[in-house]
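Chemist: First the structure, then my questions, so here it is.
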Amino acid sequence: MAEGKAAHGWAARDASGHLSPFNFSRRVPRDGDVTIKVLFCGLCYTDLHVIKNEWGNAMYPLVPGHEIVGVVTGVGPGVTKFKAGDTVGVGYFVDSCRSCESCGKGYESYCPQLVQTSNGVDLLDGATTQGGFSDVLVVSQHYVVRVPESLPPDGAAPLLCAGITVFSPMVQYGLNAPGKHLGVVGLGGLGHLGVKFGKAFGMTVTVISTSPSKREEALDRLGADAFLVSSDPEQIKAAASTMDGIIDTVSAEHPVAALLELLKPMGQMVVVGLPAKPLEVPAFSLVGGGKRVAGSGGGGIGECQAMLDFAAEHRIAADVEVVGMDYVNTAIQRLERNDVRYRFVVDVAGSKLGGAA
């Protein structure tokens, strides 16, 4: 059997989550495949869950990374969307069944056979997919998006996961209308982009956080209109029934009854964070004001392209700390402590990746 292009990356070998050099081969390009030189790849909290096997599904050795910006270096037969030299992005999935209702409607992220960019299983050959903490990627053109030239490639990388995760539900649930009031819970990788998109849509944006120390950052640097400390009952009471919608980005355990209090009657809260423990949602908090709680998991390819085009038009990029691959294990430790503003991005092309097989 023919081997594909040699690839050099960093992989976890066990549940310690420690990454070290790893050599492997990408698949032989198929019809419709695009070969991409990886420039930058963001570090998402999901990567931490997966490399440490916290969800019980890790397949080692495991190359993480699903917020990828790179340059097309080759195209296979049948490729019509891209050419060599194009700057492109790949998010958290690289294939889907292409025949289910979700795929047909452009909601590929909800396909039951979704193939994740890292730690997924290829639908054709059963191989484990390896992510963007590597120098080369081979992906079907249908799961690649174009990165507008005006976006900085390092700041664009987190848009491929964090960005679409907040943008998609804002559009789906009408939380993108000028003059509406949006609450953003949590000011991390997702939350800071929620603020930026909300302001670009012309909304009034309030950041809701447990950390009073983030007030200045939210108001002065990110341009939020107001800041609420979620653990302060007086602040919650004063802002009750003022918000049209809330995007909850928090993945730590947290109470939601107080958040629902902030919604206007018929208001909408969308959960995009993934706390390990179930959320406690008092029925009266919903029924009393006709309030709604929904979940949202990323977005489809068309939505992702629309998000990137909107970001370029409004000069929106993630606030990032760019690091070399040799720093990635320290970055993982810092991310666990929430010690980053607001996303680590690995300079893959600028790092030495060679090493052990």
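The values are calculated or read from the model by the stated rules, or taken from the named source; none is laboratory data. Everything numeric here is computed off the predicted structure, so don't read it as measured data. Every residue, glycine as well, gets a Cβ built from its backbone with ideal geometry; the counts of neighbours run over all protein chains shown. Only protein heavy atoms, including side chains, enter the accessible area calculation; ligands, DNA and RNA are left aside. Shrake-Rupley method; radii C 1.70, N 1.55, O 1.52, S 1.80 Å.
Chemist: Would you be so kind as to identify which of Ser251, Ser25, Gly70 lies farthest towards the positive end of the dipole of the chain, taking Lys and Arg as +1 and Asp and Glu as -1 on Cβ and the Cα centre as origin?
Modeler: Result: Gly70, furthest along the dipole toward the positive end.
Chemist: For segment 297-308, in order, what is each residue's ³J(HN,Hα) by Karplus, 6.51 cos²θ - 1.76 cosθ + 1.60 with θ = phi - 60°, in whole Hz (x at glycine and Pro)?
Modeler: x, x, x, x, 5, x, 4, 5, 5, 5, 5, 5
Chemist: What residue among Gly131, Gly104, Gly267 has the largest mean-square fluctuation in a Gaussian network model of the chain, using Cα springs under 10 Å?
Modeler: Gly104
Chemist: For Ala7, which sequence-distant residues (separation of 5 or more, or a different chain) have an amide H within less than 5 Å of its own amide H, given hydrogens modelled in the peptide plane?
Modeler: Amide H to amide H, under 5 Å and 5 or more residues apart or across chains, Ala7 pairs with Phe24, Ser25, Arg26.
Chemist: Another one. Given the convex hull of the Cα atoms of segment 196-249, what is a quarter of its surface area in nm²?
Modeler: One quarter of the hull surface, i.e. the mean projection, equals 3.8 nm².
Chemist: Now for a separate question. Of the listed values (1) 108, 95, 58; (2) 65, 40, 37; (3) 77, 57, 38, grab the one calculated as Cα extents along the principal axes in Å from the structure here.
Modeler: Computed from the coordinates, Cα extents along the principal axes in Å corresponds to (2).
Chemist: In addition: Whose amide H sits under 5 Å from the amide H of Gly300, counting only residues 5 or more places off or on another chain, with H placed in the peptide plane?
Modeler: Glu108, Ser109
Chemist: Still on this structure: Please list the non-local residues whose amide H lies under 5 Å from the amide H of Val79, H modeled 1.01 Å from N, same-chain partners needing a gap of 5 or more.
Modeler: Counting only residues 5 or more places away or on other chains, the set is Gly32.
Chemist: Give me the number: length gained by fully extending Cys100 to Arg13, i.e. 0.36 nm times residue separation minus the C-alpha to C-alpha distance, one decimal in nm.
Modeler: On the way: separation 87, 0.36 × 87 = 31.32 nm, distance 3.44 nm.
This chain segment gains 27.9 nm when fully extended.
Chemist: Applying a 10 Å radius around every beta-carbon, put 108-120, 252-264 in order of their mean neighbour count, most first.
Modeler: Answer by packing, highest mean first, reads 108-120, 252-264.
Chemist: Right, here's the next one. Tell me, what HN-Hα J-couplings in whole Hz come from the Karplus equation 6.51 cos²θ - 1.76 cosθ + 1.60 at θ = phi - 60° for each residue of segment 331-339, using x for Gly and Pro?
Modeler: Taking θ as phi minus 60°, the curve returns 4, 4, 4, 5, 4, 4, 9, 6, 9 Hz for segment 331-339.
Chemist: Given axes a ≥ b ≥ c from the Cα gyration tensor, I'd like to know whether segment 257-321 is rounded (a/c under 1.5), prolate (a/b larger than b/c) or oblate. Don't jump to the answer; show the numbers that get you there.
Modeler: Working: a/c = 2.47, a/b = 2.06, b/c = 1.20.
Taking the square roots of the gyration eigenvalues as a ≥ b ≥ c, segment 257-321 is prolate.
Chemist: I've got another one for you. Report ³J(HN,Hα) in whole Hz for each residue of segment 14-28, in order, from the Karplus equation J = 6.51 cos²θ - 1.76 cosθ + 1.60 where θ = phi - 60°; Gly and Pro get x.
Modeler: Here the 3J(HN,Hα) series is 7, 6, 5, x, 5, 9, 8, x, 8, 9, 7, 10, 6, 5, 5 Hz.
Chemist: According to a simple spin-label model (label point 7 Å from Cα along Cα-to-Cβ), what is the distance in nm between Glu216 and Ala283?
Modeler: 4.8 nm
Chemist: Considering only Val328, Val145, Val287, give the residue with the highest GNM mean-square fluctuation for the chain, with springs between Cα atoms whenever their separation is below 10 Å.
Modeler: Val287
Chemist: Restricting to DSSP H runs of at least four residues, report the calculated mean residue ellipticity at 222 nm for the chain, -39500 (n - 2.57) per run over all residues, nearest 500 deg cm²/dmol.
Modeler: Using -39500 (n - 2.57) per qualifying helix, the result is -5500 deg cm²/dmol.
Chemist: Evaluate segment 6-125: find the radius of gyration of its Cα atoms, find its Kirkwood radius, and give the ratio Rg to Rh.
Modeler: Computed over Cα atoms, the ratio is 0.97.
Chemist: Give me the percent of the accessible area of the chain that comes from carbon and sulfur atoms, probe 1.4 Å, all protein chains in place.
Modeler: That share works out to 53 percent.
Chemist: Setting aside same-chain residues fewer than 8 positions from Lys291, which aspartates and glutamates have a Cα under 14 Å from its Cα?
Modeler: Asp244, Glu261
Chemist: Over the chain, with the other protein chains present, what is the accessible area per residue in square angstrom, probe 1.4 angstrom?
Modeler: 42 Å²
Chemist: Which of the residue pairs Lys105/Lys214; Lys37/Lys214; Lys5/Lys105; Lys180/Lys237; Lys199/Lys277; Lys196/Lys237 have a Cα-Cα distance greater than 28 Å in the structure shown?
Modeler: Where the Cα-Cα span goes over 28 Å, the pairs concerned are Lys105/Lys214; Lys37/Lys214; Lys5/Lys105; Lys199/Lys277.
Chemist: When all alpha-carbon pairs of segment 187-276 are counted, what percent fall beyond 20 Å? Before the final figure, lay out the partial values.
Modeler: Values: 1171 of 4005 pairs.
Tail of P(r) above 20 Å: 29 percent of Cα pairs.
Chemist: If you average the C-alpha positions of segment 209-256 and of segment 41-88 separately, how far apart do those two centres end up, in angstrom?
Modeler: The two parts, judged by their Cα centres, are 33 Å apart.
Chemist: Still on this model: Name the most mobile residue of Gly42, Gly76, Gly288, meaning the one with the largest mean-square fluctuation, in a Gaussian network model of the chain with Cα contacts below 10 Å.
Modeler: With Cα springs under 10 Å in the chain, the top fluctuation among Gly42, Gly76, Gly288 is at Gly288.
Chemist: Sticking with this structure for a sec: Let me check I have the definition right: for segment 1-64, take the eigenvalues of the Cα gyration tensor, multiply each by 5, take square roots. What are those semi-axes in whole Å, largest first?
Modeler: 24, 14, 12
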